[in-house]
Every structure is written in structure tokens, then in C-alpha cells.
């Protein structure tokens, strides 16, 4: 091992050791009488310290664990190097080469995993299309994200899905906290550390008002921004309005914005015409899983000049105006920062660990469909979180239960 590799490994261990002190739910699960003995788990996930500690937890529960990234730019090489010291097979590195990224996914499938832990569904979709031979051994999938759940439901609708899937994203303890508070904080952490610009007083446009968009808008308001929201869902649009934000069409709002953040889950949020109208110096950031929300190909086509003006920030000159894009339009909180806060991901990864345990025990009784997260596990994680904080809550009395059951 050369000096650079040793430095990488040391840095990765420092990061993993830090999160291990704060992921109390995973630490608790490690001490319980759960077992994944004899099972091979393939993980495709944003490979940084918190996800590394999830992999370590699964290894401690007895699984053979094989890990790669789920986004070309979200892997932290020092963490990937350090993770190998825990007896975990790692095929991942930070890369801009999508072919290399997909080659790592194929390597994980070469191990013919019993269970897949996916983030965005690339690994699962690949197993159902190009690598169908791995389906003979695959028993189930646990999916982390809104985008991934949508893609797997599309597989189900087309009759292609061949294994049961647990939609971890649909757990209340996931979307109400990870999507809202995690995305809200980490998106702004990335924008602020990569630009070093003030948020207060600026006009911020949040495209999409799902749970992620809610969190981003809430944090923008807290930082003193004037917040605007665009939506295609009339109910969410009314909610954004009543939360105190300006609501309108993106083509009308975008030219006013100093910062635009996409969190929609769909492609081409900005049209060419709208890009031409953007304000000089506008900052574009994407908080959606894939790099399709900001139309990077259109931006490349329109730009007369492109250059990196600051680490993780690219300047595109369009019609004599500067448009700044953070993290190449990829998931901004991971492509250009450290992702969600540790305690938030402790909740989400406790859900993931219990989901894989549930699949390992019940896959024979499950249909090949996308299941909502089991409510009893959702509540178990909530109780674990409260206990980790030293908080106790009330229980209904027998009289109260009888009252609720009366008619």
C-alpha cells in the first residue's frame, strides 16, 4: 500500500469512527438477537461514512456484504478504501465515467446476492434487464428513495418485477425526517460551503414541494431567503401557498431567482427558453436523485463558454450571463458535500436493516410487488429513536382503548 492509499484509508477510518459514535440506532440493532447469517447482500448506495457503517452493521449481523455506489460522484474514496478493512467487498470509486459506474454495479451482481439494498433502483433494474440470471438467487429488495420506488412500481406495472420489494422510502420514519429534515439541511450545507455566499435576502426557487422540497423551502426561509415554489400538483401548490411561499409557474418564477433548487423527480425542469431568461449569476442545484432535473445537455448546448470557477462549481456563459451549477447537476448534497446529518441517516438505516431482516424471514410468503414499509417496524424504529434520546411517552389506558373501539 502506497502513502496515498494509507492516507485515504486513515481518513476513511476517521470518518467511520466519527459516525459510529452518533448512530445509536444501528449500534442498538447490532446488540439484538437478529441474524443475517449465510446471506449475501448487494448494496448500491451513496458510499460515504454513514452508509459504510450500515454495511458494517449488516456484516456484524452475519451477512456477506458487497458494496458499490449509486451515483458516480457520491462515492468518497477514502471511505471506500477503509471499508475494505471490515471484511466487506467494495467495488466503487468517485468517477465521472458512467460506464465505469455501471461496471461496478455488474460486479456486485456477479456475486449473485440474496438481497439487494438499493438507492435509486439502478442495481435492481439492471438485475431485471441485462442480468436476469441473478434473479434465480435474489429473494428481495429494500429500496431507499422516492425515485427508486417509482421505478420499481413501473417494473411491477409492466409485469417485470420478479421479487418482493420493501419501499423503505414510504416509511413515515423515513420520508418525514430523512426527506424533509435531512434533505433540507444537507442541501443548504452543500450550497453554502461550495459558494460561500449569503442566503438571507436572496430569492430562492424550489421546484417541487414533496417532502424534500418542503424541507429545502423551510430551511431557506429560516436562513432569511424569500422563497418561491413551483409545482404540478395543485394540492401541494396550495400547501406551499399556505406555508407562506409564493407559488407560480416555473417559467415565470425562474427569471426572478438568485438560487434555483430542483427536487421534482422528473427530467428537464427548466426549458431552453427559461434558461435563456435566467438572471446573471443565478445558482442552480439539484436535490433529486438523478442528474436529469437540471437539463445539463441543453445548458451545454446554449453555453458559449464553460469553466470550473470554484471547486464543485461550474460556470456556463449563456447570452453574456453567468449561470453557476453545483456538482454538475447531480445530487448536490452528496456530489458536493457529505449528505444528510448522521442522526437522520441513523433512522433511515435502522429502517433499512430491519427491512432486510424482514425480507430474509418472510420472502417466501411475499408476492413480487412493491410493499409499503411494515407499520410495526416503523413504530419500532420510532421507539428506538426515543429511547436513544432518553425520552418516554404515554400509553393509552384500558378505558381510553375501549372508548376508541366503541361506536
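The values are calculated or read from the model by the stated rules, or taken from the named source; none is laboratory data. Computed from a prediction, not measured in an experiment: that's the story for all the values here. A quick note on method: Cβ atoms are made from the backbone with ideal geometry, for glycine too, and the neighbour counts reach across all protein chains shown.
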For helices (runs of 4 or more DSSP H) lying entirely in segment 285-385, having 2 or more residues that are modelled with pLDDT of 95 or more and surrounded by fewer than 24 Cβ atoms within 10 Å (Cβ to Cβ) picks out 296-302, 342-362
Taking segment 115-136 and keeping only residues that are closer than 24 Å to residue 374 by Cβ and in a loop (DSSP other than H, G, I, E, B), one is left with 119, 120, 121
Output for Cβ contacts, cut-off 7 Å, separation at least six or different chains, first residue in contact (Cβ under 8 Å) with a residue 24 or more places away in the chain in segment 156-175, second surrounded by fewer than 16 Cβ atoms within 10 Å (Cβ to Cβ) and assigned to a strand (DSSP E or B), reads 167/372; 170/372
Query raised in the report: Somewhere in segment 387-405, is a residue out of contact with any strand residue (DSSP E or B) (no Cβ under 6 Å at 6 or more places or on another chain) and under 20 Å from residue 153 (Cβ atoms)?
Result: no
The correct count of residues that are surrounded by 24 or more Cβ atoms within 10 Å (Cβ to Cβ) and part of a loop (DSSP other than H, G, I, E, B) in segment 64-106 is 6
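Going by the structure shown, is residue 17 over 27 Å from residue 370 (Cα atoms), assigned by the TED database to the domain that holds residue 382 and modelled with pLDDT of 95 or more? Working first, answer last.
Details: over 27 Å from residue 370 (Cα atoms): yes; assigned by the TED database to the domain that holds residue 382: yes; modelled with pLDDT of 95 or more: yes.
Against the criterion (over 27 Å from residue 370 (Cα atoms), assigned by the TED database to the domain that holds residue 382 and modelled with pLDDT of 95 or more), residue 17 qualifies.
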Handout entry: Some residue of segment 106-115 being under 22 Å from the mean Cα position of the chain (by Cα), under 30 Å from residue 215 (Cβ atoms) and at pLDDT 95 or above
Key = yes
Could you go through segment 136-149 and let me know if any residue there is in the same structural domain as residue 37 (by the TED database), more than 30 Å from residue 176 (Cα to Cα) and out of contact with any helix residue (DSSP H, G or I) (no Cβ under 8 Å at 6 or more places or on another chain).
yes
